[in-house]
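Structure first, commentary second.
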Amino acid sequence: MRKKFNLITIAAILISLTASSCKKDYTLIVGGFTKKDGDKGLSVFSFNSNTGKLKLLSESDVGPNPSYFCFSKKNNMFYVLNEVMEFKGEFGGGLTTLKFNDKTNEFKKLNELRIPYGGPCFISMSADSGYLYTANYPNGSVAVVRLDDNGIPEAVTDTILYNKAVPDASHAHMILHDPAGKHVYVSDLGLDRVVAYNFDPLYGKLIQLDSGIASVPLKSGPRHFVFNPDGSKLYLINELGSILIVFNITDQGLKAVQTLPTVRKGFTGNNYCADIHIGKDGKYLYGSNRGENSIVTFMIGSDGLLTLAGHTSCGGDWPRNFTIDPSGKNLLVGNQKSDSIAVFRISRKTGLPEEPPKKFPVKAPECLKFY
């Protein structure tokens with residue numbers, strides 16, 4: 001009887017593992033710019049990783065320009081940036097906190113907070129999940145927001161305004177901690193640099209490292225970056241220079257070890273890089289080109305350095321943001337100016353997004369994240 005019970009138990013476990021590994025339906029959240037009051041800027045979709053099809057489940061009005069967000073699955077909390085220069089009648093941007101009901105696919109607004117200096121364009125969570133970091137583009141600043149025990153933003157604990165002497169010189173574009181939670185990095189598109197900080201979780205303060213500034217070539221325009229899993233490399237895509245820079249992360253700061261163009265050889269038009277991600281298998285890195293309207297794919301070597309694999313048309317116009325589904329099978333591109341999301345199957349052989357993509361109408365998609 002004992003032997004039979006063990007066999008049944010093992011069989012049940014195997015069935016459970018098989019079912020979880022074959023999951024094909026995922027929830028995709030999309031944020032975007034709004035053009036008028038009442039526009040519903042946050043949408044919930046179901047996505048089938050086998051068919052590549054999107055199905056709209058709900059839309060929510062969460063205020064003007066919910067252009068970027070992050071979330072905590074621990075308590076189903078969403079933190080949405082309102083990318084504006086005036087929020088609730090005061091100078092500054094907005095941070096709107098929502099509770100997500102994953103049964104009804106609807107949001108409930110819990111809190112609103114003003115972000116100093118306005119124009120917040122990127123948000124991420126601290127390593128201990130006790131704070132939020134925001135990068136604010138127009139005046140070049142970052143802010144730290146403390147969360148209470150329920151995950152509700154309660155106060156701005158730190159603000160850094162870059163280059164006060166020269167208005168509009170700095171344009172902070174991204175802020176994120178490394179995989180180990182050791183340091184926090186900020187890309188500054190205006191000042192052509194990446195800045196590294198320690199973070200004090202007691203007081204909610206960013207403390208710049210002595211060797212914390214890594215400069216890039218003039219007018220490169222650092223925008224977004226991504227780390228390799230062990231945190232030894234930082235890959236930086238540059239909006240204005242259409243280049244990708246690979247850095248070693250050392251105790252003496254960031255050290256550039258490779259620079260590659262993101263556009264095709266011979267391309268002569270205007271191009272503005274946007275987003276960057278590593279595939280689920282860690283073998284390929286992807287970047288988006290607005291202007292050339294392409295997704296560039298690089299192979300990642302065992303040493304972390306890159307080799308060009310190819311370019312794929314983005315399936316629309318102005319690929320601002322893209323994401324890879326949890327199964328690793330599909331790459332979804334938010335094409336802002338063509339009001340669409342293009343869904344590509346990723347080739348298992350080459351790592352390239354395969355054409356033609358499936359296309360779905362979505363108004364001005366800016367931020368795509370799987371929940």
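The values are calculated or read from the model by the stated rules, or taken from the named source; none is laboratory data. All values reported here derive from a predicted model rather than from experimental measurement. Because the Cβ atoms are built from the backbone with ideal geometry, glycine has one as well, and the counts that use them run over all protein chains shown.
Here is how the numbers come out for the structure above:
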| read-out | value |
| --- | --- |
| Residue among T297, T312 that alone is touching a Pro at 6+ places or on another chain (Cβ under 6 Å), buried (at least 17 other Cβ atoms within 10 Å of the Cβ), of a type in the set (S, T, Y) and over 20 Å from I29 (Cα atoms) | T312 |
| Total residues in segment 265-315, condition of a type outside the set (F, W, Y) and under 21 Å from F247 (Cα atoms) | 28 |
| Sole exception among (1) outside any loop (DSSP other than H, G, I, E, B); (2) in contact with a strand residue (DSSP E or B) (Cβ under 8 Å, 6 or more places away or on another chain) for D210, by number | (2) |
| Wholly within segment 40-129, strands (runs of 3 or more DSSP E) carrying at least 1 residues that are within 25 Å of S187 (Cβ to Cβ) and of a type in the set (G, A, S) | 66-72, 93-101, 120-125 |
| Lone qualifier among L218, L234 - being assigned to a strand (DSSP E or B) and either over 20 Å from S141 (Cβ atoms) or out of contact with any strand residue (DSSP E or B) (no Cβ under 6 Å at 6 or more places or on another chain) (or both) | L234 |
| Extreme residue, nearest to E239 (Cα to Cα), among residues of segment 177-207 that are in a loop (DSSP other than H, G, I, E, B) and among the aliphatic types (A, V, I, L, M) | L189 |
| Segment 101-143: number of residues that are aromatic (F, W, Y) and over 16 Å from Y68 (Cα atoms) | 2 |
| Residue identified as free of Cβ contacts under 8 Å to residues at least 12 places away in the same chain and in a strand (DSSP E or B) among T323, T307, T312 | T307 |
| Candidate set from segment 142-176 (those that are in a strand (DSSP E or B) and among the hydroxyl-bearing types (S, T, Y)); member that is farthest from the chain's Cα centre (by Cα) | T157 |
| Restricting segment 156-182 to residues that are without any contact (Cβ under 8 Å) to a residue 24 or more places away in the chain and among the hydrophobic types (A, V, I, L, M, F, W, C), the residue that is surrounded by the fewest Cβ atoms within 10 Å (Cβ to Cβ) | A165 |
| Hits in segment 1-46 - residues which are among the hydroxyl-bearing types (S, T, Y), over 19 Å from T104 (Cβ atoms) and modelled with pLDDT of 85 or more | T34 |
| Residues of segment 242-293 that turn out to be over 18 Å from R223 (Cα atoms), surrounded by 15 or more Cβ atoms within 10 Å (Cβ to Cβ) and under 18 Å from the mean Cα position of the chain (by Cα), as a count | 2 |
| Which numbered condition G266 misses (of (1) within 27 Å of G291 (Cα to Cα); (2) out of contact with any Pro (no Cβ under 7 Å at 6 or more places or on another chain); (3) in contact (Cβ under 8 Å) with a residue 24 or more places away in the chain) | (3) |
| First in segment 72-84 and of a type in the set (G, A, S), second anywhere and surrounded by fewer than 19 Cβ atoms within 10 Å (Cβ to Cβ) and modelled with pLDDT of 95 or more, Cβ under 8 Å, 6 or more apart | S72/S129 |
| Answer residue from segment 43-71, given it is under 26 Å from L176 (Cβ atoms) and β-branched (V, I, T) and is surrounded by the fewest Cβ atoms within 10 Å (Cβ to Cβ) among those | V44 |
| Selection count, segment 130-141, where residues are in a strand (DSSP E or B) and either hydroxyl-bearing (S, T, Y) or surrounded by fewer than 20 Cβ atoms within 10 Å (Cβ to Cβ) (or both) | 4 |
| Pick from segment 340-371, criterion in a strand (DSSP E or B) and among the β-branched types (V, I, T), ranking: surrounded by the most Cβ atoms within 10 Å (Cβ to Cβ) | I341 |
| Counted residues, segment 337-360 - those being touching a residue at least 40 places away in the same chain (Cβ under 8 Å) and either farther than 15 Å from H311 by Cα or touching a helix residue (DSSP H, G or I) at 6+ places or on another chain (Cβ under 7 Å) (or both) | 5 |
| Criterion: touching a strand residue (DSSP E or B) at 6+ places or on another chain (Cβ under 6 Å), among the aliphatic types (A, V, I, L, M), more than 14 Å from V142 (Cα to Cα) and modelled with pLDDT of 95 or more - qualifying residue of V184, V226 | V226 |
